[in-house]
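A.B. asks: Have a look at this one before I ask anything.
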Amino acid sequence: MKLIYRILLHLSIVLSAVLTGWAIYFYAGIVEEVNDETDDALDDYAERIIRRYLAGVHLPSEDNGMNNSFYVHAVTEDYLHHHPAIEYIDESVFIAEKGETEPARTLRTVFRDRAGRYFLLSVSTPTIDKDDLKQAILWRIITLYVALLVTILTVNVWVYSRSMRPLYRLLRWLDTYTVGRPHTPLTAHSAVTEFRRLYDAVRRHTDRTEQAFEQQKQFIGNASHELQTPLAVSLGRLELLADSTPALTEAQLAEVIKTQQTLRRAVRLNRSLLFLTKIDNRQFLDQTDLCLDALLRRDLEDLQEVYASRRITVDLTAVDPPLRASMHESLADALVSNLLKNAFVHNHPDGRILIRIATPTLTIANTGPAASLDPTHLFDRFHQGPHRVEGSTGLGLSIVRAICRLYAIDIRYAFTADRLHTFTLTFPLTSQNKTP
């Protein structure tokens, strides 16, 4: 949820609670004030009637034309023990002049004459209809709520949009920022202290990131040179030793060959790790529009020659239009060659490889181990599963996954019903890949 929507949601909830509480308080206050004024008037009216009654003066008509009414009737002393001496109640009374029933406020009180007789005086006067009052307050509160909500939200959206412009400008800059690539300078066009501090913090962080990236690039280059040189020298000396020392026994020569194989594996491992590190550090920035069909056919032809002795059958199906991708040429070649080499290396003699190219997907399936591989660790570095292959570094699929992550290529593994280990790559659609 966006920040502005979250703010508006919370404001709406708070405003609803405040207005609801205010409406209840306002309604209770009005009712209390009306009842208080009405009760005072009823007290005065009842007092005048009682005085006249006790003085024997003629009482006014029970309906005096002012919608006020009263009646007096005798009660027993026992009545006092079961009812309060004075009480105020809300009830409906019939107004003869109007011929209808209206809400009224009624005072009931008991008084005694000189003869010791008890009388109940009931005095009523019309008052406001509380149901009508509730409905009127409800509609006005709703109208007030909508007006306040629209006003407050409009003002908040306007203030928020103007105040948060530096933040959105910074977010757009971060979206386009890539370590190692040229970028526009980050300048804080804001008088807000917090935003200026945020911009300064981002600048310091990106400066440290750029510095660390440059140092890492230098380290990778130096490590590659410094490690490759002694490994190459060691291999050369072993070859010279094997060629120039005829007195070596077969056992000694076998040990020399094993050492050479170990060193060659170390060379491949070093190159693969350095290559993988360069990918992770996004050091392959240049991109070229490449035809992956042609690249795959070229690598496939080379690998078929290398593994010709295994008699592996390759079935290639390509559907127009050709599959194209905007990638660094070295990474595209590494992606295709590692997938194809994986299909050859982890296959068995007289096996099969099925390749299907249908834009925007590339599918490579091969026979091999009779059980499914572990997809959770399949792309981990140095993971080879239960079926280890001599000479494999265990980094081929890790390089494939790193390249796929770099170019947002979706890669999935599946073990199909016909016992084929299948890798499916889905490339992002580009203008070249979209089917007309």
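A.B. asks: Which of the residues belonging to segment 408-426 are in a loop (DSSP other than H, G, I, E, B) and surrounded by 15 or more Cβ atoms within 10 Å (Cβ to Cβ)?
C.D. replies: Ile409, Leu420, listed by residue number.
A.B. asks: Hey, does segment 302-323 have a residue that's closer than 28 Å to Ala223 by Cβ and either touching a strand residue (DSSP E or B) at 6+ places or on another chain (Cβ under 8 Å) or of a type outside the set (A, V, I, L, M, F, W, C) (or both)?
C.D. replies: For segment 302-323, residues closer than 28 Å to Ala223 by Cβ and either touching a strand residue (DSSP E or B) at 6+ places or on another chain (Cβ under 8 Å) or of a type outside the set (A, V, I, L, M, F, W, C) (or both): absent.
A.B. asks: Return the pair list, or none, for Cβ contacts closer than 6 Å from residues in segment 177-196 that are under 20 Å from Arg208 (Cα atoms) to residues that are assigned to a loop (DSSP other than H, G, I, E, B) and of a type in the set (A, V, I, L, M), at least 6 apart or on different chains.
C.D. replies: Pairs that qualify, where the first residue is under 20 Å from Arg208 (Cα atoms) and the partner is assigned to a loop (DSSP other than H, G, I, E, B) and of a type in the set (A, V, I, L, M), are Arg196/Ala188.
A.B. asks: Taking the stated definitions as given, is Ala334 assigned to a helix (DSSP H, G or I) and under 25 Å from Ala402 (Cα atoms)?
C.D. replies: yes
A.B. asks: Next up: Picking from Thr288, Thr313, Thr317, which residue would you name as being surrounded by fewer than 16 Cβ atoms within 10 Å (Cβ to Cβ) and in contact with a Gly (Cβ under 8 Å, 6 or more places away or on another chain)?
C.D. replies: Thr313
A.B. asks: In addition: Regarding Asp299, is this residue under 28 Å from Arg381 (Cβ atoms) and either in a helix (DSSP H, G or I) or among the aromatic types (Phe, Trp, Tyr) (or both)?
C.D. replies: Yes.
A.B. asks: Does any residue in segment 273-288 that is touching a residue at least 12 places away in the same chain (Cβ under 8 Å) come within less than 8 Å, Cβ to Cβ, of a residue that is among the small types (Gly, Ala, Ser) and part of a helix (DSSP H, G or I) six or more places away or on a different chain, and which pairs are these?
C.D. replies: What qualifies is Leu274/Ala223; Leu274/Ser224; Phe275/Ala334; Leu276/Ser398; Leu276/Ala402; Ile279/Ala402; Asp280/Ala402; Phe284/Ser330.
A.B. asks: I'd like the residue in segment 364-395 that is among the small types (Gly, Ala, Ser), at pLDDT 75 or above and touching a Phe, Trp or Tyr at 6+ places or on another chain (Cβ under 9 Å) and, out of all such residues, is least open to solvent (accessible area, probe 1.4 Å).
C.D. replies: Selected residue: Ala365.
A.B. asks: For segment 104-127, name all the residues that are in contact with a helix residue (DSSP H, G or I) (Cβ under 8 Å, 6 or more places away or on another chain), outside any strand (DSSP E or B) and surrounded by fewer than 16 Cβ atoms within 10 Å (Cβ to Cβ).
C.D. replies: Asp113, Arg114
A.B. asks: Out of Ile141, Ile89, which single residue is open to solvent by 40 Å² or more (accessible area, probe 1.4 Å) and either outside the structural domain of Asp207 (by the TED database) or assigned to a helix (DSSP H, G or I) (or both)?
C.D. replies: Ile89
A.B. asks: Please specify each residue of segment 14-54 satisfying the condition of being open to solvent by less than 60 Å² (accessible area, probe 1.4 Å) and closer than 28 Å to Leu144 by Cα.
C.D. replies: Scanning segment 14-54 gives Leu15, Ser16, Leu19, Gly21, Ala23, Tyr27, Ala28, Gly29, Ile30, Val31, Val34, Asn35.
A.B. asks: Among Arg208, Arg162, Arg204, which is within 30 Å of Arg271 (Cβ to Cβ), part of a helix (DSSP H, G or I), open to solvent by 100 Å² or more (accessible area, probe 1.4 Å) and among the charged types (D, E, K, R)?
C.D. replies: Within the list Arg208, Arg162, Arg204, the selection yields Arg208.
A.B. asks: Related question: Within segment 102-121, how many residues turn out to be among the aromatic types (Phe, Trp, Tyr) and touching a His at 6+ places or on another chain (Cβ under 8 Å)?
C.D. replies: 1
A.B. asks: Based on what the data block shows, is Leu263 in a helix (DSSP H, G or I) and either more than 30 Å from Tyr407 (Cβ to Cβ) or assigned by the TED database to the domain that holds Pro230 (or both)?
C.D. replies: Yes.
The values are calculated or read from the model by the stated rules, or taken from the named source; none is laboratory data. Just so it is clear, the model here is predicted, and its values are computed rather than measured. Note: ideal-geometry Cβ built from the backbone for every residue, glycine included; neighbour counts use all protein chains shown. Accessible surface is based on the protein model in full, side chains and every heavy atom, while ligands, DNA and RNA are left aside. Shrake-Rupley method; radii C 1.70, N 1.55, O 1.52, S 1.80 Å.
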